[in-house]
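Each remark here refers to the structure printed beneath this line.
The values are calculated or read from the model by the stated rules, or taken from the named source; none is laboratory data. Keep in mind the model is a prediction, meaning the values are calculated, not measured. So basically every Cβ, Gly included, is an ideal-geometry build from the backbone, and we count neighbours across all protein chains shown.
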Amino acid sequence: MKPLPEKTCAACGRRIEWRAKWRDCWDEVRFCSARCRRQKPGPEAEAAGRMILAMLAERKSGATICPGEVARKLHPDTWRDHMEEVRSVARRLVADGRLVITQRGQVVDPSTAKGPIRLKLR
Ligand SMILES: [Zn+2]
């Protein structure tokens, strides 16, 4: 059987690991989990995506930003509640080829990176 194309979750932006139960419906699979299916990205996620790209466009080429800067700019009082949303949006932008995620200056795999990350235009 030929390998199936890789997919990225439409909510969290992590790689979706293929499961046998998806054999006949892989084309329709969009989310990695029931939790992600319930947390479909909405207008706030769209705004976060635009803000990430706008903030990076304002900086010098090769500059990085922290997801927290994006969350603070959009939600000054409740930014902590929006960190995972910003990180999810960033992972999806990596899948779209717009960004890379770095740790200590090295590009990392968004699906497995743990701890603080920084965002950089690709
Ligand atoms: Zn997911």
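For beta carbons closer than 8 Å, sequence separation of 6+ or different chains, a first residue in the range 28-39 that is free of Cβ contacts under 8 Å to residues at least 12 places away in the same chain and of a type in the set (Asp, Glu) and a second that is in a helix (DSSP H, G or I) and within 10 Å of the ligand (Cβ to nearest atom), there are no qualifying pairs. Among the criteria (1) assigned to a loop (DSSP other than H, G, I, E, B); (2) away from the ligand (no atom under 16 Å from the Cβ), the one Leu56 does not fulfil is (1). With respect to the stated conditions, Glu6 is within 16 Å of the ligand (Cβ to nearest atom), surrounded by 10 or more Cβ atoms within 10 Å (Cβ to Cβ) and of a type outside the set (Lys, Arg). A single member of Gly97, Gly13, Gly68 is at pLDDT 95 or above, part of a loop (DSSP other than H, G, I, E, B) and away from the ligand (no atom under 16 Å from the Cβ), and it is Gly97.
When the range 16-43 is filtered for residues that are aromatic (Phe, Trp, Tyr) and either within 15 Å of the ligand (Cβ to nearest atom) or part of a loop (DSSP other than H, G, I, E, B) (or both), the ones remaining, listed by number, are Trp18, Trp22, Phe31. The single residue among Asp77, Asp96 that is surrounded by fewer than 17 Cβ atoms within 10 Å (Cβ to Cβ), under 18 Å from Ala57 (Cα atoms) and over 9 Å from the mean Cα position of the chain (by Cα) turns out to be Asp96. Out of all the residues in the range 64-98, which are touching a strand residue (DSSP E or B) at 6+ places or on another chain (Cβ under 7 Å), closer than 12 Å to Leu119 by Cα and among the small types (Gly, Ala, Ser)? The one that is touching a strand residue (DSSP E or B) at 6+ places or on another chain (Cβ under 7 Å), closer than 12 Å to Leu119 by Cα and among the small types (Gly, Ala, Ser): Ala90.
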